[in-house]
Structure formats: C-alpha cells, structure tokens
Amino acid sequence: MISRRAKDKMVHYTFFGIATVSVLIIFFIFIFLFVEAYPAIQRFGSELLSRDWNVARNQFGLLPAIFGSVLVAVGALVVAVPLGLGAAIYLSEIAPNRIRVLLKPFIELLAGIPSIVYGFIGAILLGRFLYDTFGMRGTNSFLAGILVLGVMALPIIVSMSDDSLKAVPKDLKDASLALGATKWQTIRKVTIPAAISGISSAVIMGMGRAIGETMAVMLIIGSVMRIPVPFFDIFESGNTLTALIAVQMGEAHGIIINVLFTAGIMLFTIVAVMSIISDILQKRTTDKFEGKR
Amino acid sequence: MNIRKLISLWIFTVSTVVAILGFWALATRMDVEYWMFFVALTLISASYYLSGIYHHMTEKDMNGVFMLFYASIVLMVAAFSFYLPEILDMRQWEINARIPNFFFYSLSMLFLGIFSSYLSFRPFYNFKKEGAQMGAYYMLYITMIFTLIPLFVILFNIVYRGAGGITWEFLTEDIISMGERGGVYPAILGTLALILVTAVIVLPLGVGTAIYLAEYARKGLAVRVIRTAVNILQGTPSIVHGLFGYAFFVLILFDGQKCLLAGALTLAILTLPIVIRSAEEALNAVPGDLRDASLALGASKWQTIKKVVLPPSLPGILTGTVLGLGRAAGETAPIMFTAVYFSGAGTPSSLLRPIQALPYHLLSLYRLIGYRDVDLQAWATALLLLIIVLGVNVSAIIIREKYRQRF
C-alpha cells in the first residue's frame, strides 16, 4: 500500500508528463520536417530561395511561393482588418446585449465553415465572377484568393479584438466619460489605445491564418510558380507555400518531396514566430490591466 | 424637425439608396450606363450643395464651405467619368485585367454612397460632436453588415445549389463512375470514424494537460514552455500537420500505408490546443473556495480534482472538445496524405485501413468538374459537409447553454 502522499506525487507527475506532450509534438514536428527536408537543403542550399522553379530541369526555387504567401496574406489583411475591427468595436462597445448575443454565433459560424468549402465556393462562384468582370486570362487569381482569405481571417480578428476591447477596465472608460468626452471619443482615444496590443495580436493571428490556409488558396489562386510582373498584378494566378505543398505532394517522388518539406519548414517557422509575437503582445495587455485591478 | 435636419435626412436617404443600388449593380454585374451613374452622383452632389448653402446662410462658420467643397468633388467625379473608356484595358500596363466602365460606376456608387451618408450626420447634428459619434456608429454598423454578408452568400448558395442533390441514394450508396452517380455513404462513415477516433486520442491528452496547467502548475519555466508550445500548435498550418503526419505516422509507424489511425492521430494534434484551451478555461471557472473546502475536509489534491473540480467543469470541457472535433471534421489538408482515398476504400473496417472522407471527396469532385458531370454531387457534398460541421458546432453550443453552471 503506497502512502497518500506518494500517490498524490505520482498523480502530479503523470499530469506533468501528459502536459509535456505538446512540447514533444512541437519538437517532433520540427525534427521530422527537418529530417525529410535535409536532402534538399544539402543538395540545393540557397538555390531553394531563387525564383526559378522548373521540375524538369531540377530547379526548385521557392521564392514565387513565398512571395505569393506574403502577397495573399497582406492583401487579406487589407480586406479583413477594417471590417473586422469595425465589427469588433461594434460588438464590444455599441451593440446592446441582445444583439450581441444574436450576432456572436454568426461570427462563430463564419469560423466554422470548412476551408475546402470556402475554396469550392470561391473557385466556382467568385473566380467565375471576377473572370467575367475583369476579363482576366483565367478564373484563378491572387485577387480571388485575397478576398476569400480576407473573409476567412475575419472571425479570428473579430473575436480576438472583441476580447481585448472587453478586457479594458471600465474605470478607464468611466473616467473619460466623466470628463465630458462622448462615447465615441472615449472609444477612439481611450479604449482602442488601451487595447492596441491585443488588437495587434489579433491582426497577427489573422495573418497567420491567412498564410497557413491551404485548401481554399489551392483551389482559388491556381498553382503557377511565377512572380507576377509587375509584382502587384493581383489579377494573375500564382502559388503559395501551402498550395505548392498540397498540389505537388500527391504525385511527387524523389527530391521534390524533400523540397516540399523545406517549404513546410519555412511555413512552420514563419507561423511559429508570428504566434510567439502575438502571444507576447497579448500577455502585455493582460499584465497591464491585471496590475490595475 | 427643422430644415437643416430635413435636408440632412434627405441626403442620407439619397446616399443610402445610391449605395444600395451600387452594391446591387456590383453583385449582379449590371451594365450601369453613364447617365444612371451621373444622375445618382448629381443627386448626392445637389443635396450637399443645398445643405451647404443653407448652412452658410444660417451659421457663420466654415462648415458650409466644407460641404460645398465635398459636393463639388462628387460632381467632378461624375463629370470626369464621362471620359472613361468603355473598357479600360490594363494590359497596356502589363496588368492582366480589362476593367469595364460599369464596374467603376457601381463601385464608386457604393463607396461614395456610403461615405456621403456617413457625412450627412454632421449637418444633422449641426457639426457638434454628437454628429461625429453618430457618423462613426453608422460606419461601424456598415462594417458589421459587410462582415456578415459573405456568410449569408455562402450559406444561401450551398443550400440553394446543393439541396437538390441530397437524395436517399446519395446518402446510402458508394460512389459509382467517379462520382457521377451513387453517393457518399462510405465518406460519411469515414468522417464520423475519423472524429470518433480523434476524440478518443485527444480527450485524455487535452484534459490531462489542462488539469496540469490549471491545478498543479506554478509560474515557472516549464509552464511557460508548455504554454508557448500550445500556442504554436494552435497556429500551426494544417498542411504542416499533414506533412508531419505523413513523415512520422505514415512513413515510420505504419510502413508507408495511409490509414484511419494515422489520420486520427494527425487530427488529434490539430485539435489538441483547442481542447486544452477550453478545458483549462472550464477548470479555472470553478471557484477556489470549493477546492479549499474539500482540502480542509482532508481530501487529497487528486481526490479534490476528481470529485470537486472535474464534475462541474465537464460541460465546458465537452463543449471545447466537440468544437475542436467540428473543426477536425472539415479539415482536408491533414488527412489527404495520411488517411484518405477518393474511392475504393469502402466503409471503415479497421484502424489500419485507409478510408474515404467528405472533405476529400469534395476536393476530388471539384477536380473532376468540367471532365465529368459531377456538379450537383459536389454541391450536395459541400452541403452535407456543412450540415455535419455546423451540426457539431450547434450541439456544442447547446451543451454549453444547457449545462452551464454559474458560481
């Protein structure tokens, strides 16, 4: 018979063991991606960052895909940030509780739609619509990708900004209102500045979602490994790191698989760094207000 | 109601009508003619002239001039648009687009309409700060509406186009001739099996981690590392999970064989952070007094957790898990290299055999569109997938609302 103390200690360590699984997974992901990517890195080195992609001639420059990922993510933010912030401010500061309770599930619904469905609708309806309107060469374009990713980034930006706006202590707002400021002046000059690090972390997470999004992008922007000329020509089709992996993995063999894993490492690193930054920003907000309470 | 307010109301009405017309024209790609555009903008402009002149006559400040200035800008946009070519060929600047003039017309009707109605709040409140406030509120309403529009467009289109394809045959048969006939029965079962196995794997891991973080952990390096790991895991793109699942589970654990278990393990990694987050939240919601009371009665820490903390937080844990599973049910990227085939896998029979799943089925059908007659099947699959995913989400919300305990 073991003592109660020992049993409690054992339970404690068991849970600690379970909790370290997440750390192990991250570690494993990195190790396994690296092991699979290593042959490509060793063979091509910095050529992997060039702009020439030609499977037949063994040229594997990933720059067009990196460029595509960045272009699409930045474009998505241009669409999603003004809308998402506006909606978040509306929900957290203005909407009466009744309407807030009514609207919140709709935002969750928007987040719940699977990305393949976004991609399917985007490719068939939006792609066709833009093709008919702008007379482009094909139905695939960065523009369609930007619009769809903008919508997909919306719920995350709305709900995270909403949370951080609501975290601003009421005292601060009351002080501003007591000085004779209107509600809108208070929102603009007090609430938003106070929540700004939370809002930026929301924007970064939205961008992370846009960069990491796969199925929608893959169906919508095409898979053409080329940087558009001029580079801001969003009516061209292109490629992103995610779409490149998803499309090529299916029939890939040999060294291409290793190249695709290199693309995976790039993605993983970019998004991991973004989550860490976003995390720090968010922690800064909570620390700031928790000190006040 | 004085004349100033009446004029402002008039501006607001006209501008809103123009904005709605512009939106409608944009959405239906209506061939807006120049004269319609000109009339719409001139109406707005004239209303602002009227308001500006009236303001100038009654008040001494510069705000009237400001409105006249805005009216002139609108008028100038209307006038100079006359010189817009029928189709602006951007290819002369090497940009791959030919923008028709009606697109420009409807777009500027939309934006100028919204902006003009926004500005009309200023004269309504005689340029006091309430005007700025109401204008800003108005813009926030607009952003809220535009945030929800895509949702309704998507839902409407999927239901409208897919409902006809959901038949008894579609729900109960395997695919026949590349999806042209038959149904998605194995794919439905495959998706359900996938999320069931995922749940079995992720629940102990997720809840265990949450219990450690909420009940045992003290501030320190270990906890910081675990939390950072969970956050990174939450942000990790699903395609990276897919790559990892392929490299580790498929290649090393299962000898290059795609299978249900490999897919479920990958999805478990994907849902783990969601489960941890919500479980931790649920545990933290249990007040500390209850724990103290239990400990004071001589219960051990583990007994306290088991008997006092876990029972009231179960609904919260369940909600989070179900939400995570809803997300997992719709994911394609993590399972396409690890678990699924388009056809031939049949109904799930063993953990070590490949399966068919709805999201991948939709992807495959999409790729066949244009080569085979699968349009209706694809829309029906999208609708079915949406019903399953949203059904899971709604049941999570119901669990949350029904069993929520307040302390």
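Quick look at the numbers
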{"item": "Failed criterion for A:ILE18 (all others in (1) outside any helix (DSSP H, G or I); (2) within 29 Å of the chain's Cα centre (by Cα) hold)", "result": "(1)"}
{"item": "In segment B:207-224, residue surrounded by the fewest Cβ atoms within 10 Å (Cβ to Cβ) [restricted to those that are facing chain A (nearest Cβ under 8 Å) and β-branched (Val, Ile, Thr)]", "result": "B:ILE211"}
{"item": "Within segment B:282-388, helices (runs of 4 or more DSSP H) holding 1 or more residues that are free of Cβ contacts under 8 Å to residues at least 24 places away in the same chain and surrounded by fewer than 22 Cβ atoms within 10 Å (Cβ to Cβ)", "result": "B:288-296, B:301-304, B:310-330, B:358-368"}
{"item": "B:ASP31 being more than 37 Å from the chain's Cα centre (by Cα) and in the same structural domain as B:MET139 (by TED's automatic domain parsing)", "result": "no"}
{"item": "Boolean, B:ARG227 is more than 30 Å from A:ALA216 (Cβ to Cβ), more than 7 Å from chain A (Cβ to nearest Cβ), out of contact with any strand residue (DSSP E or B) (no Cβ under 9 Å at 6 or more places or on another chain) and at pLDDT below 90", "result": "no"}
{"item": "Residue, farthest from the other protein chains (Cβ to nearest Cβ), within segment B:230-252, restricted to residues that are in contact (Cβ under 8 Å) with a residue 40 or more places away in the chain and of a type in the set (Ser, Thr, Tyr)", "result": "B:TYR246"}
{"item": "Of the criteria (1) facing another protein chain (nearest Cβ under 7 Å); (2) under 20 Å from the mean Cα position of the chain (by Cα); (3) farther than 26 Å from B:LEU362 by Cβ, which one A:LEU154 fails", "result": "(3)"}
{"item": "Some residue of segment B:263-280 being in the same structural domain as B:THR191 (by TED's automatic domain parsing), closer than 19 Å to A:ILE245 by Cβ, crowded, with 20+ Cβ neighbours inside 10 Å and without any contact (Cβ under 8 Å) to a residue 24 or more places away in the chain", "result": "no"}
{"item": "Hey, A:ARG128 of a type in the set (Lys, Arg) and within 10 Å of chain B (Cβ to nearest Cβ) or not", "result": "no"}
{"item": "Long-range neighbours under 7 Å by Cβ, at least six apart or interchain, first residue more than 11 Å from A:LYS183 (Cβ to Cβ) within segment B:124-141, second part of a loop (DSSP other than H, G, I, E, B) and aromatic (Phe, Trp, Tyr)", "result": "B:GLY131/B:TYR125"}
{"item": "Output for segment A:1-22, where each listed residue is loosely packed, with under 14 Cβ neighbours inside 10 Å and among the hydroxyl-bearing types (Ser, Thr, Tyr)", "result": "A:SER3, A:TYR13"}
{"item": "All positions within segment B:34-51 that are over 35 Å from the mean Cα position of the chain (by Cα) and either farther than 30 Å from B:ASP61 by Cα or within 14 Å of another protein chain (Cβ to nearest Cβ) (or both)", "result": "B:TYR34, B:TRP35, B:MET36, B:PHE38, B:VAL39"}
{"item": "Index of the failed condition, A:PHE67 passing every other in (1) touching a helix residue (DSSP H, G or I) at 6+ places or on another chain (Cβ under 9 Å); (2) in a helix (DSSP H, G or I)", "result": "(1)"}
{"item": "Failed condition for B:ALA132, given (1) closer than 27 Å to B:ILE7 by Cα; (2) of a type in the set (Gly, Ala, Ser); (3) touching a helix residue (DSSP H, G or I) at 6+ places or on another chain (Cβ under 6 Å)", "result": "(3)"}
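To keep it simple, each residue is scored yes or no on (1) within 21 Å of B:ILE335 (Cα to Cα); (2) aromatic (Phe, Trp, Tyr).
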{"position": "B:THR167", "(1), (2)": "no, no"}
{"position": "B:PHE170", "(1), (2)": "no, yes"}
{"position": "B:ASP174", "(1), (2)": "yes, no"}
{"position": "B:GLY179", "(1), (2)": "yes, no"}
{"position": "B:TYR185", "(1), (2)": "yes, yes"}
{"position": "B:LEU196", "(1), (2)": "yes, no"}
{"position": "B:THR209", "(1), (2)": "no, no"}
{"position": "B:ARG218", "(1), (2)": "no, no"}
{"position": "B:ALA229", "(1), (2)": "no, no"}
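The values are calculated or read from the model by the stated rules, or taken from the named source; none is laboratory data. Note that the structure is predicted; figures quoted are calculated from it, not measured. Neighbour counts run over all protein chains shown; Cβ positions are idealised from the backbone, glycine included.
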